[in-house]
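The structure appears below as structure tokens.
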Amino acid sequence: MKSHPYHVIAREERPKQSFYNGGILLVMMLGLMSCSQKQDFDLPKKVTFNQHVAPIIHQNCSPCHRPNGGAPFQMIAYRDVAKRAKMIRDVTTDRYMPPWPADPHYRSFVGERFLTEKQIAMLAKWVDDGKLEGEGPAPDPPHFADGSMFGKPDLIVPFRDSILLEGNNLDKFMVMKVPFEIPRDTFVRLIEFVPGNRQLVHHMNGHLLTYEFDKKKDVFEGKHVVTDVNAAINETYKTLALANDDGTFPTLTPSISNYLPGVLPAIYPEGIGSYAVSRKAAFLVMNMHYGPSPVDAYDKSYFNVFYADGPPKRPVKEWILGTFGVSAIVPPLVVPPEKVMTVETNFTVPQDVSLLTINPHMHLIGRSFKAWATTPNGEEIPLISIPKWDFRWQYFYTFHQMLKIPKGSIIHAEGIYDNTLNNPNNPYDPPITVVEPLSRDMKTTDEMFQFIITWLPYQKGDENVSLEPDVRLFKQ
Ligand code: HEC
């Protein structure tokens, strides 16, 4: 088996990507680059917003930098962009924006956002030459449906009440029920969680409960929020009145919606991964996690639901490697202070499978993540490399086509943790021993090492099935 020095090399070759610490260094580097590095592309003499800059911004920045897009300010019209021109030049040169931690040369994914060298140079030249607006009409602003990345949902299911988030600077964890009734039983293709308070909603993992119509009179009864996440799970379920009237439990479909900063929900081709939803149903939100706030604040989030044409022909399956998962972490994830430590986990694939999405997960002291599969013939299949882990951007990465992994292959995942003060995200100064959470009610300051994989049993021809989002779903 070959060794994997990749992440080490990658780190040394890359300019240090810390925008915040590297301001002066960055300016020096830019200076050096412009004198010494010959560019292999030509830029127009006159770079203008209308002609050159707007298309780059609209494509790569506006999806988040728009009203309700998740980013702190909008970037659509000339004025928005010109106002922050220098900052835009710096964050793009530094590759801090658009956020895409995965190395696109190791493995390319659906929807990846990164700028080419030419695009970065184009933005810089525009700023340096005086932010020209350009002749002619401004290009049409991109259209985004309000509150959704995917157009108009068939159904919107809001939290019943605004949640008060006390200004006590503490993380908050809650379990919630978000019930709803619809006119008929149907199938759902996509559920999109839209946080109300984007500053404070940190992450959410939601399941779906479906009730047989006659078995539950009132899906809205009981409390909708439980703030004591240490309560026994049975007690919590009782408080939320989740059971049927006869005490039996409704059908639970796990993990139908996950929200983490910057994560888009996965969209699969028609017939894959849709699931039934009945007239009476509820989202069961485990692990609703709000970040700390110094002042009282509120959140009223909601779910956008998009219907499917029918039942799934191929239901999606999931493996979790590492923390709470099917494979052990070696050595155990206990990171002493002042130490940089590598852990790994290995999982043998029990049958021919087709991978759909992957999601590496670590917390604050994660430094890099890499995963690949080794087939029984010794062939290596790259899965993902994140040379510089960024806690804020934890995508579910979707392969362009289904990726076949043959039976007997070993999936390796490797994570490096940096518990020194060189890690600007270290939550403790001085550093303390960081461990995996003992229960599922974890805190950001605990550590995790997870590699989540969604997959299907392999069928002939899967490697040609595209996972690019189906444009029909984008009903604008
Ligand atoms: C996936 C969503 C997303 C995309 C795409 C995106 N941004 Fe951002 N951007 C954010 C969020 C969220 C923040 C605030 C949090 C942060 O700074 O990490 C941010 C912050 C910024 C900031 C402020 C940085 C600071 O230090 O205060 C700038 C400038 C910026 N983005 C520019 C851009 C530009 C230019 C692009 C396109 C080339 C872009 N962004 C694309 C989500 C996005």
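Computed packing ranks the peptides 56-64, 329-337, 246-254 as 56-64, 329-337, 246-254, most packed first, by mean other Cβ atoms within 10 Å. Label Q74 and I432 with points 7 Å out from Cα along Cα→Cβ: what is the distance between them in nm? Inter-label distance under the simple model: 4.4 nm. Annotation: extensible slack from A232 through T116 equals 36.6 nm (criterion: 0.36 nm per residue apart, minus Cα-Cα distance). A dipole drawn for the chain from +1 and -1 charges on Cβ atoms has a positive end, and of T48, V434, P254 the residue lying farthest that way is T48.
Of the chymotrypsin sites (Phe, Trp or Tyr not before Pro) found in segment 316-378, those in coil by DSSP whose Cβ has at most 13 other Cβ atoms within 10 Å are F324. Estimated from helices alone, the mean residue ellipticity of the chain at 222 nm is -3500 deg cm²/dmol (sum of -39500 (n - 2.57) over DSSP H runs with n ≥ 4, per residue).
Classify segment 317-468: rounded, prolate or oblate, from the alpha-carbon gyration tensor (a ≥ b ≥ c, eigenvalue square roots; a/c under 1.5 rounded; otherwise prolate if a/b is larger than b/c)? Prolate, because a/c is 1.5 or more and a/b exceeds b/c.
Each eigenvalue of the Cα gyration tensor of the chain, multiplied by 5 and square-rooted, gives one semi-axis; in descending order these are 37, 28, 25 Å.
Applying both filters, DSSP loop and at most 15 other Cβ atoms within 10 Å, to the trypsin sites (Lys or Arg not before Pro) of segment 117-225 gives R160, R184, R198, K217, K223.
Computed over every Cα-Cα pair of segment 249-404 and binned at 10 Å starting from 0, the pair-distance distribution P(r) comes out as 7, 30, 34, 22, 6, 1 percent. Membrane-span-like helices of the chain, defined as complete DSSP H segments with a Cα extent of 15 Å or more along the helix axis and a mean Kyte hydropathy of at least 0.5, are identified as 23-36. Compute the FRET efficiency between N422 and Y298 as 1/(1 + (r/R0)^6), taking r as their Cβ-Cβ distance and R0 = 35 Å, and round to the nearest 0.05. About 0.40, to the nearest 0.05. What net charge is computed for the residues neighbouring N50, neighbours being all others with C-beta under 10 Å from the C-beta of N50, Lys and Arg scored +1, Asp and Glu -1? Net charge around N50: -2. For a paramagnetic label modelled on D171 (point 7 Å from Cα along Cα→Cβ), amide N atoms under 15 Å away belong, within segment 292-306, to 292-293. Spin-label model, E463/S255: points 7 Å from Cα along the beta carbon direction are separated by 2.6 nm. Shown here for segment 181-219: GluC sites (Glu not before Pro) in loop regions (DSSP other than H, G, I, E, B) with at most 11 other Cβ atoms within 10 Å, of which there are none. Per-residue extension of 0.36 nm, minus the Cα-Cα distance of D129 and N244, leaves a gain of 34.7 nm for this segment.
Using R0 = 35 Å, the C-beta based FRET efficiency linking K152 and R392 works out to 0.75.
Legend: residue pairs K216/K300; K118/K152; K215/K300, Cα-Cα distance threshold 31 Å; pairs beyond threshold, K118/K152. Can you classify segment 155-307 as rounded, prolate or oblate using the Cα gyration tensor, where a ≥ b ≥ c are the square roots of its eigenvalues, rounded means a/c under 1.5, and otherwise it's prolate if a/b beats b/c and oblate if not? Because a/c hits 1.5 or more and a/b fails to exceed b/c, segment 155-307 counts as oblate.
Values quoted throughout were computed directly from the atomic coordinates according to the rules given, and no laboratory measurement underlies them. Fair warning: this is a prediction, and the values are worked out from it, not measured in the lab. Don't worry about glycine lacking a Cβ; one is built from the backbone with ideal geometry, like all the others, and counts go over all protein chains shown.
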